[in-house]
1. Quick one: which of 844-854, 409-419 comes out on top by average Cβ neighbours within 10 Å, and what's the full order, highest first?
2. Suppose a student asked you for the relative contact order of segment 290-333, using Cα pairs under 8 Å spaced at least 6 residues apart; what percent would you report?
3. To the nearest 10 degrees, how steep is helix 60-77 against the longest Cα principal axis of the chain, on a 0 to 90 scale?
4. Using a 7 Å offset from the Cα along the Cα-to-Cβ direction at both Glu384 and Glu650, what is the distance between the two label points in nm, to one decimal?
5. Can you compute the helix-only [θ] at 222 nm over the chain? Use -39500 (n - 2.57) per DSSP H run of at least 4 residues, normalise by all residues, nearest 500 deg cm²/dmol.
6. Roughly how many whole Å is it from the C-alpha centroid of segment 793-857 to that of segment 576-592?
7. List the residues whose amide H sits under 5 Å from the amide H of Leu394, counting only those 5 or more places along or on another chain, with H placed 1.01 Å from N in the peptide plane.
8. Any idea what angle helix 846-855 forms with the longest principal axis of the chain, computed on alpha-carbon atoms, 0 to 90 degrees, nearest 10?
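The values are calculated or read from the model by the stated rules, or taken from the named source; none is laboratory data. Only a predicted model underlies this, so the values are computations on that prediction, with no experimental measurement involved. Neighbour counts are summed over all protein chains in view; Cβ atoms, including those assigned to glycine, are modelled from backbone coordinates with ideal geometry. Heavy atoms of the whole protein, side chains included, go into the accessibility calculation; ligands, DNA and RNA do not. Shrake-Rupley method; radii C 1.70, N 1.55, O 1.52, S 1.80 Å.
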Amino acid sequence: MIQKQVVPFQEGNASMKALLGGKGANLAEMTRAGLPVPPGFTITTEACLAFFKVGNRISEGLLEQIAEALKQLEKQKGQTFGDASNPLLVSVRSGSVSSMPGMMDTILNLGLNDLTVQGLAALTNNEKFAYDCYRRLMQMFGNVVLGIEGYHFEQLLHRLKEKEGVQQDQDVTADGWKSLIEDYKACILAKTGQAFPQHVYEQLRLAVEAVFKSWNNQRAQIYRKINRIPDEQGTAVNIQSMVFGNMGSSCGTGVVFTRNPSTGENTFFGEYLINAQGEDVVAGIRTPLAIAALKSEMPQIYEQLFSASKQLEKHYKDMQDIEFTVENNKLYLLQTRNGKRNAQAALKIAVDLVQESLLTKQEAVERIEVSHLDQLLHRGIDEEAVKDVLAKGLPASPGAAVGQLVFDADTAAEWSRAGKTVILARNETTPEDIHGVIASEGVLTSRGGMTSHAAVVARGMGKPCVCGCEEVRIVLDEKRMFAGSRVVEEGDWITLDGASGRVIIGAMPLHEARMTDELLVMLKWADDIRTLKVYANADNPEDAKIARQLGAQGIGLCRTEHMFFSPTRLPVVQRMILADDKEDRLQALAQLLPMQKSDFEGMFEEMDGLPVTIRLLDPPLHEFLPNLEDLQKRHSELTYGHAGSDLEREEIAHLLRKVQALHEANPMLGQRGCRLGIVYPEIYDMQIEAIFRAASGCIDRGIRVLPEIMIPLVGHANELKILRELVDFVAEQVLGKDKLRDCPYKVGTMIEVPRAALTARQIVAYADFFSFGTNDLTQMTYGYSRDDAEGKFLTHYVDQKLLPHNPFQVLDTEGVGQLIDLAVNAGRLVKPALKTGICGEHGGDKESIFFCHLTGLDYVSCSPYRIPLARIAAAQAFIMHGVPGEQKVAQAI
Ligand code: PEP
Ligand code: MG
């Protein structure tokens with residue numbers, strides 16, 4: 001006997017989510033709470049995994065369990081599966097552990113065949129309804145189970161409607177449906193060589209198999225990858241007795257959210273359609289009515305729905321997304337789940353739930369999806385510039401997007417790969433379009449409501465979206481979009497305002513996002529919880545100011561070479577690098593000194609009272625030198641083409657010789673960082689002098705200055721020893737002994753060469769702090785060139801699941817993490833008060849932040865706009881793992 005792989009709704013509960021999937025667990029929980037759920041059962045995720053294990057085959061044991069559960073269901077419903085006079089009909093729906101809306105398959109009305117359809121017609125006294133159900137089954141079954149492209153069925157349906165002279169599906173006659181069923185049968189036979197199965201158990205087996213397999217369809221795989229959902233989870237399958245929303249005007253179907261998923265407001269929100277079935281609302285084929293209209297149309301149902309929704313929200317302590325059907329004036333709940341929402345709504349809902357005493361502050365912080373915080377810091381449109389609003393649709397996902405218009409997902413993906421920014425406009429999107437949605441800045445649809453696929457997916461991804469924009473008509477073949485008498489072509493620039501639903505002609509200037517009150521409240525709660533500090537990577541006073549506004553507790557990395565990227569400064573830096581001798585170099589440095597001094601003054605002013613970590617120059621030389629190939633080309637033109645003057649020829653020849661002399665095969669591993677500072681001490685000398693002169697001036701103006709001078713690319717203790725001596729010497733020279741007391745500076749090193757991590761015990765003798773430069777540390781630990789790997793093999797590696805993530809985005813805790821842990825332990829053994837942090841890109845990544853917390857680092861440093869994310873993630877790390885150090889990462893090593 002195999003283990004129990006089928007669980008009736010009345011036997012499950014919410015804690016069985018891993019086994020029953022989200023939908024199955026919630027259906028069971030709702031059944032237990034006495035809510036009106038049509039009875040059914042769930043086939044477990046374990047059954048799905050067993051199915052994959054034996055080469056996509058359903059075992060006899062599982063089939064027996066399904067048959068047994070069906071018998072129970074027949075008893076509950078007083079109907080029999082496949083019975084000609086009183087047939088039981090069921091839906092077969094996927095239900096994964098993590099919500100994957102629209103990514104997998106569903107089949108409704110299963111159990112209909114040429115005989116049972118007559119029984120259904122007689123029972124309901126509604127022939128038109130019964131044959132409509134039957135053709136829907138054939139269409140879904142043909143598409144999902146038999147793999148026939150949906151448009152074959154759509155074409156036949158379209159032809160029938162033309163023949164009958166009707167626009168809407170519900171206006172088709174019973175005879176029309178009957179003839180369509182014959183057409184569908186012929187289509188299925190022609191496409192697959194087999195007839196549509198009349199045996200209902202055969203239908204069921206094939207449907208369950210298809211839903212299992214849909215776990216591995218392309219769109220589901222892509223969705224899992226983006227949302228980091230493990231492939232090993234598998235999906236459960238829910239088999240539920242059917243209720244019908246398409247039996248006439250006392251029936252309907254809809255979706256409600258207990259709060260507004262766009263704004264978070266505590267208002268009942270949703271849409272419904274009278275006389276419609278299943279996916280009609282979310283599929284966006286007809287534009288539905290707002291739920292408020294149900295209050296006057298079916299007041300009792302509305303009240304019942306409203307109170308059940310509030311009961312569910314209280315039970316789950318979260319905003320719910322509920323599917324319902326009304327069959328002959330009786331309400332049924334088909335599903336409830338935590339509703340998808342955008343970042344602003346997520347924050348507002350979480351803060352409100354704390355105020356309503358449904359959640360604790362910790363629970364609220366824990367719940368925030370940190371990747372969505374980026375969305376909050378999204379841009380809006382500069383209203384002054386808006387002149388030409390083409391159309392207005394539903395404001396489905398906030399934020400503004402500017403791009404060139406495309407009308408299909410493949411073009412969106414292709415143009416985006418070519419470096420263009422695009423807006424995808426479709427009549428309606430389907431999960432098949434997901435790669436286009438990912439590639440686009442924003443999405444526009446002419447049909448569908450706020451709960452349509454386009455809206456749900458875009459919101460989930462934090463992309464601006466305008467949907468149900470019925471004023472526009474998209475003609476795919478012509479690659480054009482019409483709005484009244486206006487025509488917009490593929491490639492034209494448009495702007496979407498997802499907050500107001502406007503579609504605007506042209507590329508509007510956008511303004512940066514602002515902090516909302518709810519975010520400030522949530523960040524305050526997070527700050528009260530977390531122990532890990534959050535610093536910013538900022539290279540100029542403007543960024544430092546933004547960073548401080550966003551909550552930075554210091555600057556963790558100021559890349560001083562970035563201070564030289566401006567057109568006025570770059571030539572001076574180039575002159576310094578290309579100098580023929582020390583004299584020349586000193587002249588260039590003398591020019592740079594005041595520039596650096598004023599930069600540092602600006603940084604200290606902005607960060608008054610907080611540490612500012614300034615990294616001495618670390619330029620991979622190729623980023624600063626004139627391009628060798630360009631120079632060679634110009635040199636040949638001057639030499640062989642006899643162009644230009646003698647003077648120019650000589651200058652170019654000289655420059656070419658210098659650039660050739662400095663040329664390195666691998667500049668990333670070349671004369672960078674402290675190596676440059678040791679060979680040319682006058683460069684670091686100038687920078688250190690500028691730092692302390694700036695500090696001195698600031699101290700005079702009452703500013704509290706805490707400089708932390710950081711030496712890059714150290715691999716041997718002696719490198720740091722020499723340079724630390726230089727810093728200490730210059731500091732004393734510039735400040736003098738007395739003023740030094742007002743300037744408690746630190747000298748530290750980046751740990752970005754594996755040897756530095758391995759010899760941390762020696763290096764720490766000269767360091768007040770370690771800052772892990774995980775960009776280089778990843779590059780050198782893996783031996784992957786950070787300039788080349790992503791464009792070459794790394795994406796392939798990640799796609800093939802050879803690596804779980806791109807290690808330049810998510811810290812490789814197994815390898816690089818081991819070096820960090822080792823260096824922290826070794827350093828602290830010698831200097832218990834050693835300050836430690838991370839300043840590579842990983843400092844703004846949630847998983848990496850969790851690792852940093854566990855390793856007991858003092859801070860993470862990330863780009864200014866990631867600071868809110870890092871503050872929340874650091875609090876979540878504390879909530880999940882407690883006091884750092886207690887569950888040392890060493891366990892995992
Ligand atoms: C690093 O290597 O992680 C780092 C922060 O330095 P950079 O990216 O400037 O090399
Ligand atoms: Mg580096």
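1. On the way: 844-854: 24.8, 409-419: 16.5.
Packing proxy ranking, top to bottom: 844-854, 409-419.
2. Rounded, it is 29 percent for segment 290-333.
3. Once rounded, the angle reads 60 degrees.
4. Simple spin-label model gives 5.3 nm for this pair.
5. The helix-only estimate for the chain comes to -14000 deg cm²/dmol at 222 nm.
6. Between the Cα centres of segment 793-857 and segment 576-592 lies a distance of 38 Å.
7. Correct list: Cys467, Gly468, Cys469.
8. 60 degrees
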